[in-house]
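Notes for the one structure printed next.
Here, each number is a calculation from the coordinates, and none is a lab measurement. Since the structure is predicted, the reported quantities are computational estimates derived from the model, not experimental observations. Heads up, the Cβs are rebuilt from the backbone with ideal geometry, glycines too, and the neighbour counts pull from every protein chain shown.
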Amino acid sequence: MKKIARAHTNIALIKYWGKADAKLRLPLMSSLSMTLDKFYSDTYLEKTDGPNTFILNGELQSNSTKDRVFKYLELLKNKYGITDNLIVNSINHVPTAAGLASSSSAFAALAAAFCNYYELDLSKKELSRLARLGSGSASRSIYGGFAVWNKGTSDESSYAYALEEHPQMDLHLIAVELNAQPKKLSSTKGMQLAQTSPFFKPWIDRNDLELKDMESAIHADDFTKLGSLAELNASEMHAVNSTAVPGFTYFEPDTIKAIKLVQNLREQGIECYYTIDAGPNVKVLCQLRNIKNIVKAFETSFNNVNIVVASFGSGISYLDR
Ligand code: DP6
């Protein structure tokens, strides 16, 4: 019986934001992420006599999402000499393209579903490499807990590994969905533009150091250090965006308001840090004891925010259909 592949979304604490090779999706920097329990994609495949088909959340897709999925499917089929046409059936338990990194879980689940369907016996490292070709961040969603994507220099050497699959750290992530609209500038395009910033290279030069510091914060179970480093790294990414030529930003006025709220909470002794990806939404890193107060502060300051409290999720799994 062919299975459903489930992959959880991950949020980078040290961001991937630039490619050395666009076709192979080789990054210019190594990255480190936390896999989340609350957001995931479930995907399974079926053969069809008709054309390739992509069904997302029960709806037949006819937009650019479909083109990207089909392009990736062709790559997988060519790699393994498969000529079947396929129906890709996915359920995304993630607000699609709203900056909650849905492509990480989507392409990790698709790579895993493909390998399961054709009984390809890949190691996790090989699966990570395969997922990377769909979307860079997907390489990290193969693992639970904390994962590191080693940038590498070739298709073979660029893959993610588990830093700690089942961390005991008291770390929670409050996803604050300020705006559920799909983003106007994709990550793929944003990270290309970012490289025109005069601050891009100095930022990349710091990658080894930032990664090492983050790893030692994790090993030392040091939430303060982890949060400060994650906030710094995210701020660097967005500073590079605003200083690109031409400059751009994913921030909306509410994003700034959320950043200030996090800073105010910290001043009041409620320790929390933000990280922000390619969209206006804010993720707040905190410890268990402060969740309630932080959620309350966001609900009081914003109308109609959607708040989800997440913690560590698991790596790829397979479910019966
Ligand atoms: C800001 O993995 O979506 O979330 O490889 O072009 O598909 P492509 O990019 P993608 O970029 C993710 C960017 C990020 C940071 C991160 O997840 O590391």
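With each label point set 7 Å from Cα along the Cα-Cβ vector, what nm distance links Q287 and D37?
Calculated label separation equals 1.9 nm.
Sort 84-90, 167-173 by packing, meaning the average of other beta carbons within 10 Å per residue, with the highest value first.
By packing density, highest mean first, the sequence is 84-90, 167-173.
Grab the Cα-Cα distance for I87 and K260, subtract it from 0.36 nm times how many residues apart they are, and report the gain in nm with one decimal.
Here the segment from I87 to K260 would lengthen by 57.7 nm.
Is region 61-209 rounded, prolate or oblate when judged by the Cα gyration tensor, a ≥ b ≥ c being the square roots of its eigenvalues, rounded requiring a/c under 1.5 and prolate requiring a/b larger than b/c?
It is rounded, given that a/c, with a ≥ b ≥ c, falls under 1.5.
Modelling each spin label as a point 7 Å along the Cα-to-Cβ direction, I'd like the N52/S314 distance in nm, to one decimal.
Between N52 and S314, the simple spin-label model gives 3.1 nm.
Given H placed 1.01 Å from N in the peptide plane, which residues other than close sequence neighbours of Y40 have an amide H under 5 Å from its amide H?
T9, H93, V94
Please label the shape of region 1-42 as rounded, prolate or oblate, based on the square roots a ≥ b ≥ c of the eigenvalues of the alpha-carbon gyration tensor (a/c under 1.5 means rounded; beyond that, a/b larger than b/c means prolate, else oblate).
Note, shape of region 1-42 comes out oblate.
Please work through the chain and write down the cysteines that have no neighbouring cysteine Cβ at a distance under 4.7 Å.
Among the cysteines of the chain, those whose Cβ sits 4.7 Å or more from every other are C115.
Of the listed pairs K189/K257; K19/K201; K257/K296; K23/K151; K19/K225; K260/K296, which have alpha-carbon separations greater than 18 Å here?
K189/K257; K19/K225
Using only the alpha-carbon atoms, how far is helix 207-219 inclined from the longest principal axis of the chain? Give it as 0 to 90 degrees, nearest 10.
80 degrees
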